[in-house]
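Below is one structure, written out as structure tokens; the observations come after it.
Values quoted throughout were computed directly from the atomic coordinates according to the rules given, and no laboratory measurement underlies them. Bear in mind the structure is a predicted one, so any value in this text is a computation, not a measurement. Every residue, glycine as well, gets a Cβ built from its backbone with ideal geometry; the counts of neighbours run over all protein chains shown.
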Amino acid sequence: MKGGDYRAREANVYRLAEVSNNIIDQCVAQGVPFAREYGGMLANRSFGGAQVSRTFYAKGQTGQQLLLGAYSSLMCQVNAKKVKLYTRYEMEDVVIVNGRARGIIAKNLVSGKLERFSANAVVIATGGYGNTYFLSTNAMGCNCTAAIQCYRKGAYFANPSYVQIHPTCIPVHGDKQSKLTLMSESLRNDGRIWVPKKLEDAKKLQRGEIRGADIPEEDRDYYLERRYPAFGNLVPRDVASRAAKERCDKGYGVNNTGLAVFLDFSESINRLGKDVVEQRYGNLFDMYEEITDESPYETPMMIFPAVHYTMGGIWVDYELQTSIKGLFAIGECNFSDHGANRLGASALMQGLADGYFVLPYTIQNYLADQEVWPKVSTDLPEFAEAEKGVEAEIDRLMNIKGKRSVDSIHKELGHIMWEHVGMGRTEKGLKEGIEMIKKLKKEFETNLFIPGSKEGLNTELDKAIHLRDFFTMGLLIANDALSRNESCGGHFREEYQTEEGEAKRDDENFFYVGCWEYQGNDDKAPELIKEPLEYEAIKVQNT
């Protein structure tokens with residue numbers, strides 16, 4: 001609750017904590033190789049935002065190992081013919097029959113054909129909208145099309161302005177990059193973040209005249225340890241990211257762009273020995289060296305914040321049902337558990353909890369309604385109408401026949417989002433950003449070029465569909481940020497900060513979930529609906 005800056009639902013967070021231990025047992029049973037103490041007990045370590053060791057981990061690749069465990073269990077069910085997988089398909093629309101979600105329209109990405117699927121209920125688990133910013137740590141295929149189509153059909157979108165910018169990512173190198181690489185938060189356990197104390201040292205680093213290892217200890221500013229002695233380098237992610245930006249804005253950045261800080265392991269290597277550090281973080285160090293051609297054993301890592309996770313998402317009730325009956329949203333694509341800022345490891349916790357320990361029980365309450373029992377035919381007019389709408393939209397995009405590629409427009413959108421709706425937001429910047437997004441959207445709709453045809457495999461067409469929805473998402477993020485005249489978690493309005501530069505919440509006026517309702521047209525401003533937050537056990541604190 002505190003980590004989310006008191007903007008999460010208390011009941012949902014309590015339930016997440018209740019089932020969290022079951023997740024570990026479930027994953028161990030699936031074969032996830034969690035780290036263990038010498039005696040065989042599961043090991044723990046600290047993570048950002050926590051002052052105690054509470055995180056179970058698997059070296060520096062916990063998420064990947066959990067994914068492999070979940071995939072293995074899924075494939076077991078596929079092999080048992082209880083689950084059928086449709087790989088290389090994307091959901092293009094949700095079908096509403098008599099006010100209930102009763103199916104989807106999906107595009108076969110290989111053949112290009114649209115297909116209809118009917119169901120008793122629809123569950124979307126399609127991730128976040130971080131790729132609106134073009135450069136993010138998300139996989140390049142991640143998109144918000146399924147969520148935005150649900151929003152267009154009437155599902156509320158909650159707290160879109162809560163975007164997490166992760167403090168430990170490899171900095172941008174030039175303008176040809178298509179994604180950014182995350183360095184695990186676990187590195188902050190033993191790495192110390194610093195910049196030079198002297199501005200002239202920073203300038204020499206930027207010119208390449210000296211290296212980080214050349215700066216003596218007494219001339220290093222371990223700014224997180226200095227400003228937050230209780231947490232040190234393990235402050236919550238939003239705090240660490242803003243602190244890095246503040247140092248770089250003041251001119252203390254350490255690479256040629258001036259947009260990087262050091263993450264240094266020399267003290268840990270001296271204290272623990274190189275072997276221990278290699279055992280803990282060897283795979284991450286190898287990955288860093290592959291990308292940058294520098295060894296973190298010999299020279300400090302360079303890191304800088306990047307878009308990583310989105311706390312906002314489709315609004316859901318306590319049973320994870322959206323404002324459309326029969327449509328459920330789980331994991332990152334809903335808004336339910338993290339408030340304004342997610343703590344380390346909590347995305348894995350929420351995704352596993354929603355899928356294994358919450359939805360299997362709550363969806364039963366919906367399916368107990370006998371009205372949803374009969375199977376609906378995909379020949380119903382609602383399916384035909386939804387498919388026709390998707391087909392018409394694909395034709396519209398294909399027939400623009402302009403001169404600009406999808407990526408060139410998306411990159412420009414990402415730049416607008418980062419500069420105007422990024423880590424530091426202002427009323428003036430947000431209003432400018434909204435106008436710039438609208439102008440670029442017109443350019444997209446009149447000057448887009450998609451090569452090839454709509455039949456068969458066409459990744460440029462798929463990217464164009466995603467970009468159409470990133471524009472809608474970008475405006476949602478900006479409008480929500482503009483309406484929230486406070487700073488909290490991942491949403492930082494520069495007009496609302498303390499004298500020390502910390503986020504200044506306004507609990508009197510903004511203690512609510514901001515839900516946005518679609519008004520029937522992408523060009524029409526959405527309407528804000530407020531869900532008041534109710535706390536019974538937790539006392540809201542300012543520090």
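Things worth noting here:
- In region 236-322, GluC sites (Glu not before Pro) in a DSSP loop with at most 13 other beta-carbon atoms within 10 Å: 298
- Our coupling estimate for region 64-70, obtained by passing each phi through the Karplus curve with A = 6.51, B = -1.76, C = 1.60 and θ = phi - 60°, is 5, 5, 5, 4, 4, x, 5 Hz, Gly and Pro reported as x.
- With the convex hull drawn around the C-alpha atoms of region 378-454, the volume per residue stands at 128 Å³.
- Within the same chain, lysines fewer than 8 places from residue 82 are excluded, and of the rest, those with a Cα less than 19 Å from its Cα are 375.
- Euclidean distance between Cα centres, region 164-230 to region 342-365, Å: 34 Å
- Relative contact order for the chain, counting Cα pairs under 8 Å that sit 6 or more residues apart, in percent: 22 percent
- Region 1-49: trypsin sites (Lys or Arg not before Pro) in DSSP coil with no more than 11 other Cβ atoms inside 10 Å: none
- Span from the region 292-336 Cα centroid across to the region 402-470 one, whole angstrom: 21 Å
- Residue-by-residue Karplus 3J(HN,Hα) for region 272-289, coefficients 6.51, -1.76, 1.60, Hz, glycine and proline x: 9, x, 4, 4, 5, 5, 5, 5, 7, 10, x, 5, 6, 5, 4, 4, 4, 5
- In the chain, the alpha-carbon atoms span a convex hull of 163 Å³ per residue.
- 3J(HN,Hα) from dihedral phi, region 313-322, Karplus parametrisation 6.51/-1.76/1.60, rounded to Hz, x for glycine, proline: x, 4, 5, 9, 8, 4, 8, 6, 8, 6
- Region 1-91, relative contact order [Cα under 8 Å, separation at least 6], %: 20 percent
- Residues whose placed amide H lies under 5 Å from that of residue 343, excluding near-sequence neighbours: none
- Under-5 Å amide H pairs with residue 488, H placed in peptide plane, nonlocal only: 493
- D_trans [Stokes-Einstein, Kirkwood Rh over alpha-carbon pairs] for region 1-143, 4 °C, 1.567 mPa s, µm² s⁻¹: 68 µm²/s
- Between the amide H of residue 164 and those of 308, 309, 310, 311, distances stay under 5 Å, these residues lying 5 or more places away or on another chain, with hydrogens modeled in the peptide plane.
- By the helix-only formula, in which each DSSP H run with n ≥ 4 contributes -39500 (n - 2.57) and the sum is divided by residues, the chain has a 222 nm mean residue ellipticity of -11500 deg cm²/dmol.
- Relative to the longest principal axis of the Cα atoms of the chain, the long axis of helix 237-249 makes an angle of roughly 60 degrees.
- 20 Å Cα-Cα reach of residue 179 towards lysines, excluding residues that sit fewer than 8 places from it in its own chain: 245, 411, 463
- Kirkwood Rh, Cα atoms: Rg over Rh of region 164-276: 0.95
- Counted without the sites themselves, the longest stretch of the chain free of chymotrypsin sites (Phe, Trp or Tyr not before Pro) in a DSSP loop having at most 11 other beta carbon atoms within 10 Å is 87-543.
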